[in-house]
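Following: one structure in structure tokens, then a few remarks.
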Protein chains: 2
Amino acid sequence: MTLKEVAERAGVSIATASRALNKPGVVQDVTRRRVLQAVKELHYRPNRFAQSLAGGRTNALGVIVSNIENPFFLDILHALEEEATRKGFELIYENTDYRPERLAGAVERMLGRPLAGLALIVSERDDEAVAMLEDWNQPVVLFDSVHTPPVGVTIELRYEKAMQRTVEYLYSLGHRRMAFIGHHSALDPLRERENAFMATVSGFPDVESATAASNDSLAGGRQAMQQLLASGFDPTAVMCANDFMAVGVLRELREAGLRTPEDVSVTGFDNIELSEYLYPALTTVNIPRQRIGQLIFHALVPGESGQPSRRPIVIEPELVLRDSTAPPRR
Amino acid sequence: MTLKEVAERAGVSIATASRALNKPGVVQDVTRRRVLQAVKELHYRPNRFAQSLAGGRTNALGVIVSNIENPFFLDILHALEEEATRKGFELIYENTDYRPERLAGAVERMLGRPLAGLALIVSERDDEAVAMLEDWNQPVVLFDSVHTPPVGVTIELRYEKAMQRTVEYLYSLGHRRMAFIGHHSALDPLRERENAFMATVSGFPDVESATAASNDSLAGGRQAMQQLLASGFDPTAVMCANDFMAVGVLRELREAGLRTPEDVSVTGFDNIELSEYLYPALTTVNIPRQRIGQLIFHALVPGESGQPSRRPIVIEPELVLRDSTAPPRR
DNA sequence: TTGAAAGCGGTACCAG
DNA sequence: CTGGTACCGCTTTCAA
């Protein structure tokens, strides 16, 4: 079904048919009714690609995330979607699995279609991808980007501070053997967390530390904990790069016959909803994912306010104390 | 950047430029090189909407799910995405939150763009949506649809059997007071699970039963369990409509001072990865989400094999025993 | 092997 | 208020 057929059936020109659909009020009421009737009878549905091509507008937003399975990314995506849908925008999403080459491909595909804006909620970086973004003239948001790139609005998390507070908190409880469990330490934002951990820890001369890493998954957390245990380090506190992996860590500790928090304290990062449902409920660092989703939307769609600022948006995480941390019994 | 500019720069016609990009071998090598050069210099990127419009082809698949936050849906989506990406297809996804009116809107939006196929992985139903699908001439897959609609390939789960086995198992352990916790009992596939529970249970005259429902979420599971407890029913076994809600149930039981499985046994449904990481590890019913994702893909993209059969695909779930179920101590 | 031109399905401007 | 028409960016005959 095309507009042409609708127009013929309604006995009007294709121009009028178009107007009847898009600018009511400009068309005589009877005429309009006839068109609408024809639309109904023919089950006509406008081709959005053609509309976009001809009209030069789009209401689609692109989002690329590193790991959709991690509730952290999912929550941001979901919040963004909620906001977008409510404002009449569509969301096109793609997942990279932390692989830079997939990021490049995803950006390529995204930019290949008319988009009102693009958000990169990814930890990996890729020069090619950044280069493509540079000569693109639509709003871009970069989340979690360590080195401010010459493009788009960035949203930054103050990892160091959160990491520092967590270490200090554990120290104050009496912990002196701490470990950090992360993933993809080759990626900037993740190495940064690890570095923040190392830096803070080195400020306490009487603290021993170790790190381990695996995939960003439940199994990855478990595996990293396994490594740690096998290494013989025997920490009294384990800090995880995110809550998702912490779930695996808790499981492995249990498996190894170690109780949390009596034998080993565990902390997460992100404060995903699940963290509160775990046993024991997880001490973690809150990252306001819903707000981030909204911030991203407003950065992509400036609204009536005017031109968007390119100033970075900074988020200050805060520690959330629950049951997975306690003074060491050893 | 348009193809026209590229053509001008390369000193060839726009037709040749197009060929150089899409049908190498038809164009003289030198010519082709010049075009490629121009593409590079101008940072040209083809407009996929225009390509689709002119070429009449698409490689985008649409997917609509009920609740992206539930790992069950997410896993299917993810598997489908993996398969699609690997085969050069794109995925366009939308979330309905179980709301029929959103389903209609989502289908409307989906059908508004050229799509190679559409998968509905939703529990809700909407006549309007089905009607739209009827006069659409591309592959459609309906997952979890109870009443076979006059359209598309359906993928069905044998709930009854799984439910029955679970009840029988709990009965054999000695449970006589069982409860079912679901969500959206107004929706067919979910009512079906509840009905299956009721039907099986009624086969055991000495079993008392009750049901409760809330949202499909962690909090929903918790709340439903709360209701159940408040009602005074005091079950020794609780069967959940899915693992996601079971997480909330476990939490609430703990909160109420009841141990699992000593005081109350709990079962889930779906066998999401998380279920194995919970404490206690959840007894559940396995639904092969990865396979379902692949099945959906192949139903949407028939491959070289020929025309797709419209025969329903049936999945037989199986019980997975873990630590959240045991003989009742009371 | 290459170019000219006819669309694909719409939108929007310009007259009438 | 309505019709004619020039595109939007690209693919694809049809001839040359």
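Here are some notes:
- Subset tally (residues that are in contact with a Lys or Arg (Cβ under 8 Å, 6 or more places away or on another chain), at pLDDT 95 or above and within 8 Å of DNA strand D (Cβ to nearest atom)) for segment A:18-52: 1
- Segment B:157-169 - residue that is within 20 Å of the chain's Cα centre (by Cα) and surrounded by fewer than 17 Cβ atoms within 10 Å (Cβ to Cβ) and, of those, nearest to the other protein chains (Cβ to nearest Cβ): B:158
- Residue A:325 being over 26 Å from the mean Cα position of the chain (by Cα) and buried (at least 22 other Cβ atoms within 10 Å of the Cβ): yes
- Within segment B:236-248, tally of residues that are out of contact with any Phe, Trp or Tyr (no Cβ under 7 Å at 6 or more places or on another chain) and within 13 Å of residue B:279 (Cβ to Cβ): 1
- Among the residues examined, residue B:250 does not qualify as over 28 Å from residue A:323 (Cβ atoms) and not β-branched (Val, Ile, Thr).
- Summed over segment A:121-134, the residues that are more than 14 Å from chain B (Cβ to nearest Cβ) and in contact (Cβ under 8 Å) with a residue 24 or more places away in the chain give a count of 6.
- Subset of segment A:280-294 (residues that are polar (S, T, N, Q) and within 11 Å of the chain's Cα centre (by Cα)): A:290
- Checking each residue in segment A:167-188 for being in a helix (DSSP H, G or I) and touching a Phe, Trp or Tyr at 6+ places or on another chain (Cβ under 8 Å) picks out A:167, A:171.
- Counting the residues of segment B:92-120 that are within 11 Å of chain A (Cβ to nearest Cβ) and in a strand (DSSP E or B) gives 4.
- Residue match in segment A:234-249 (condition: farther than 17 Å from residue A:69 by Cα, of a type in the set (S, T, N, Q) and out of contact with any Leu (no Cβ under 8 Å at 6 or more places or on another chain)): yes
- Highlighted here are the helices (runs of 4 or more DSSP H) found entirely within segment A:1-72 that include at least 3 residues which are within 12 Å of another protein chain (Cβ to nearest Cβ): A:29-42, A:48-55.
- Residue A:219 being out of contact with any strand residue (DSSP E or B) (no Cβ under 8 Å at 6 or more places or on another chain) and free of Cβ contacts under 8 Å to residues at least 40 places away in the same chain: yes
- Index of the failed condition, residue B:275 passing every other in (1) in a loop (DSSP other than H, G, I, E, B); (2) free of Cβ contacts under 8 Å to residues at least 60 places away in the same chain; (3) crowded, with 17+ Cβ neighbours inside 10 Å: (1)
One line per residue, one yes/no per condition, for (1) within 11 Å of chain B (Cβ to nearest Cβ); (2) under 19 Å from residue B:254 (Cβ atoms):
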site	(1), (2)
A:244	yes, no
A:247	yes, yes
A:251	yes, yes
A:256	no, no
A:262	no, yes
A:284	no, yes
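- Residues that are crowded, with 17+ Cβ neighbours inside 10 Å, within 16 Å of DNA strand D (Cβ to nearest atom), farther than 23 Å from residue B:79 by Cβ and without any contact (Cβ under 8 Å) to a residue 60 or more places away in the chain occur at least once in segment A:54-63.
- Test: residue in segment B:299-317 that is touching a Gly at 6+ places or on another chain (Cβ under 8 Å) and not in a helix (DSSP H, G or I): yes
- Only a single item in (1) buried (at least 20 other Cβ atoms within 10 Å of the Cβ); (2) within 12 Å of DNA strand C (Cβ to nearest atom) is not met by residue B:39, and it is number (2).
- The set of residues in segment A:138-157 being outside any strand (DSSP E or B) and at pLDDT 90 or above consists of A:138, A:139.
- Residues of segment A:228-250 that turn out to be without any contact (Cβ under 8 Å) to a residue 40 or more places away in the chain and among the hydroxyl-bearing types (Ser, Thr, Tyr), as a count: 1
The values are calculated or read from the model by the stated rules, or taken from the named source; none is laboratory data. Since the model is a prediction, treat every value here as computed from it, not as a measurement. Here Cβ is always computed from backbone atoms with ideal geometry, including for glycine, and neighbour counts include all displayed protein chains.
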